[in-house]
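Asks: The following block contains the structure, expressed as structure tokens.
The values are calculated or read from the model by the stated rules, or taken from the named source; none is laboratory data. It should be emphasised that the depicted structure is a prediction, and the values quoted were computed from it without experimental measurement. All Cβ positions, glycine included, derive from the backbone under ideal geometry; neighbour counts span all protein chains shown. Remember, those area values only see protein heavy atoms, side chains included, never the ligands or the DNA or RNA. Shrake-Rupley method; radii C 1.70, N 1.55, O 1.52, S 1.80 Å.
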Protein chains: 2
Amino acid sequence: VILKHVAGLKFNVKLGEERKIELDSAKEMGHAFSPMELFLIALAGCTAMDVQWIMDRQRQKVDRLEISALGTRRDEDPAYYKIVELEYTLAGPNIRMGAVERAIRLSKDKYCSVIAMLKGDVKIDIKYRILDGAGAGQFHTLAKA
Amino acid sequence: VILKHVAGLKFNVKLGEERKIELDSAKEMGHAFSPMELFLIALAGCTAMDVQWIMDRQRQKVDRLEISALGTRRDEDPAYYKIVELEYTLAGPNIRMGAVERAIRLSKDKYCSVIAMLKGDVKIDIKYRILDGAGAGQFHTLAKA
């Protein structure tokens with residue numbers, strides 16, 4: 001990827017003709033994202049694709065998958081995320097809790113390239129819930145391996 | 001951030017009304033980015049903003065700043081970047097090499113939150129060049145601290 005400076009702390013990335021992202025570090029972001037927002041999106045995206053794929057391989061029909069990612073930064077520089085809270089919401093008629101735990105754990109421990117690059121003091125806190133049409137499911141904490 | 005599944009391995013992120021990113025893992029990406037592309041963009045973006053800001057504080061006028069980021073993935077799972085090559089290109093009438101080295105090093109070692117989250121076996125390889133209007137400058141490898 002090639003990042004080009006626009007003005008102030010605003011940068012653009014273009015990949016090919018169709019793909020563009022604006023980056024900025026400002027109060028008024030317009031269409032832009034901050035680098036740390038993009039990092040969270042990358043992390044949520046990689047585990048989302050893993051979980052979608054593994055659930056499929058486990059023949060679990062997932063009608064809806066959402067992942068919420070919240071990062072809490074350190075107070076001092078470098079102000080990286082000391083904790084990232086991931087909340088997975090899966091909806092489908094017949095989703096097994098064990099299959100969800102397995103999919104999330106395989107992503108976290110084996111497949112997710114973004115998570116695999118993080119050092120130990122970036123804590124990943126994982127919760128998930130299963131909605132089966134019978135109303136809001138409760139969040140469960142991912143059990144220890 | 002909240003990531004929502006669209007179809008296949010395609011996901012959407014919306015932040016507010018104006019900010020949207022599509023993620024996918026496909027041969028035909030359309031407007032979408034892969035998680036690992038977004039990670040590289042996040043990394044390049046964070047160090048770009050640091051360098052821009054530090055050069056400004058050093059009263060070095062930078063007319064143009066570009067960063068190229070190339071990641072090489074491992075062959076096995078998790079297929080994270082074993083090496084990220086960053087190439088900084090700075091153009092301006094009177095840019096000092098020492099000021100550039102200092103800005104890049106401060107970003108890498110002190111300010112860049114994305115780099116600070118990476119574990120040791122993700123190697124960051126840094127080169128930079130300074131263009132002063134007299135033609136293409138050569139790339140220099142960032143000197144050891």
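Asks: Taking region B:94-119 only, how many residues are at pLDDT below 95 and within 14 Å of chain A (Cβ to nearest Cβ)?
Replies: 1
Asks: Go through region B:15-26 and give me each residue that's more than 7 Å from every other protein chain (Cβ to nearest Cβ) and outside any strand (DSSP E or B).
Replies: Answer for region B:15-26, where residues must be more than 7 Å from every other protein chain (Cβ to nearest Cβ) and outside any strand (DSSP E or B): B:GLY16, B:GLU17, B:ASP24, B:ALA26.
Asks: Select from region A:1-14 the residues that are facing chain B (nearest Cβ under 7 Å), part of a strand (DSSP E or B) and in contact (Cβ under 8 Å) with a residue 12 or more places away in the chain and write down the one among them that is nearest to B:ASP24 (Cα to Cα). Show your work before the answer.
Replies: Of all residues in region A:1-14, those facing chain B (nearest Cβ under 7 Å) come to A:1-5, A:9, A:11, A:13.
Add one more test, that the residue is part of a strand (DSSP E or B), and what stays is A:2-5, A:11, A:13.
Then drop every residue that is not in contact (Cβ under 8 Å) with a residue 12 or more places away in the chain, which leaves A:2-3, A:11, A:13.
Details: A:ILE2: 20, A:LEU3: 21, A:PHE11: 23, A:VAL13: 17 Å.
Among those residues, the one meeting the criterion is A:VAL13.
Asks: Output the residue which, of all residues in region A:68-96 that are touching a residue at least 12 places away in the same chain (Cβ under 8 Å) and open to solvent by 80 Å² or more (accessible area, probe 1.4 Å), is farthest from A:PHE139 (Cα to Cα). If you could, list the steps in order and put the result at the bottom.
Replies: Residues of region A:68-96 touching a residue at least 12 places away in the same chain (Cβ under 8 Å): A:68-73, A:80-96.
Within this subset, residues satisfying the condition of being open to solvent by 80 Å² or more (accessible area, probe 1.4 Å) are A:70, A:73, A:82, A:93-94, A:96.
Details: A:LEU70: 15, A:ARG73: 23, A:LYS82: 22, A:PRO93: 17, A:ASN94: 17, A:ARG96: 14 Å.
So, considering only residues that are touching a residue at least 12 places away in the same chain (Cβ under 8 Å) and open to solvent by 80 Å² or more (accessible area, probe 1.4 Å), the one farthest from A:PHE139 (Cα to Cα) is A:ARG73.
Asks: A further question on this structure: Say we look at region A:80-93 and pick out the residues that are of a type outside the set (Phe, Trp, Tyr) and not in a strand (DSSP E or B); which of these is farthest from the other protein chains (Cβ to nearest Cβ)? Give the derivation first.
Replies: Keep residues of region A:80-93 that are of a type outside the set (Phe, Trp, Tyr), which gives A:82-87, A:89-93.
Going one step further and asking which of them are not in a strand (DSSP E or B), we end up with A:92-93.
On the way: A:GLY92: 11, A:PRO93: 16 Å.
Filtering first and then ranking leaves A:PRO93.
Asks: A further question follows. I need every pair where a residue in region A:19-42 that is at positive phi has its Cβ under 9 Å from the Cβ of a residue that is open to solvent by less than 30 Å² (accessible area, probe 1.4 Å), sequence separation at least 6 or different chains.
Replies: A:GLY30/A:ASP24
Asks: Looking at the structure I just gave you, is B:ASP77 under 29 Å from A:LEU65 (Cα atoms) and at the interface with chain A (Cβ under 9 Å from one of its Cβ atoms)?
Replies: Details: under 29 Å from A:LEU65 (Cα atoms): yes; at the interface with chain A (Cβ under 9 Å from one of its Cβ atoms): yes.
The answer is yes for B:ASP77.
Asks: Say we look at region B:49-67 and pick out the residues that are in a helix (DSSP H, G or I) and in contact (Cβ under 8 Å) with a residue 24 or more places away in the chain; which of these is nearest to B:VAL1 (Cα to Cα)?
Replies: Applying the first criterion (in a helix (DSSP H, G or I)) to region B:49-67 yields B:49-57.
Retained after the next criterion (residues that are in contact (Cβ under 8 Å) with a residue 24 or more places away in the chain): B:50-51, B:54-55.
Values: B:ASP50: 23, B:VAL51: 26, B:ILE54: 29, B:MET55: 31 Å.
In this case the residue turns out to be B:ASP50.
Asks: Tell me yes or no: at least one residue of region B:105-116 is open to solvent by less than 30 Å² (accessible area, probe 1.4 Å) and over 12 Å from the mean Cα position of the chain (by Cα).
Replies: So the first thing to find is which residues in region B:105-116 are open to solvent by less than 30 Å² (accessible area, probe 1.4 Å), and the list is B:107, B:112-116.
Subsequent filtering for residues that are over 12 Å from the mean Cα position of the chain (by Cα) retains B:116.
Within region B:105-116, one or more residues are open to solvent by less than 30 Å² (accessible area, probe 1.4 Å) and over 12 Å from the mean Cα position of the chain (by Cα).
Asks: I would also like to ask the following. Out of the residues in region B:13-67 that are open to solvent by 30 Å² or more (accessible area, probe 1.4 Å) and under 12 Å from the mean Cα position of the chain (by Cα), which is farthest from B:GLU101 (Cα to Cα)?
Replies: My answer is B:GLU37.
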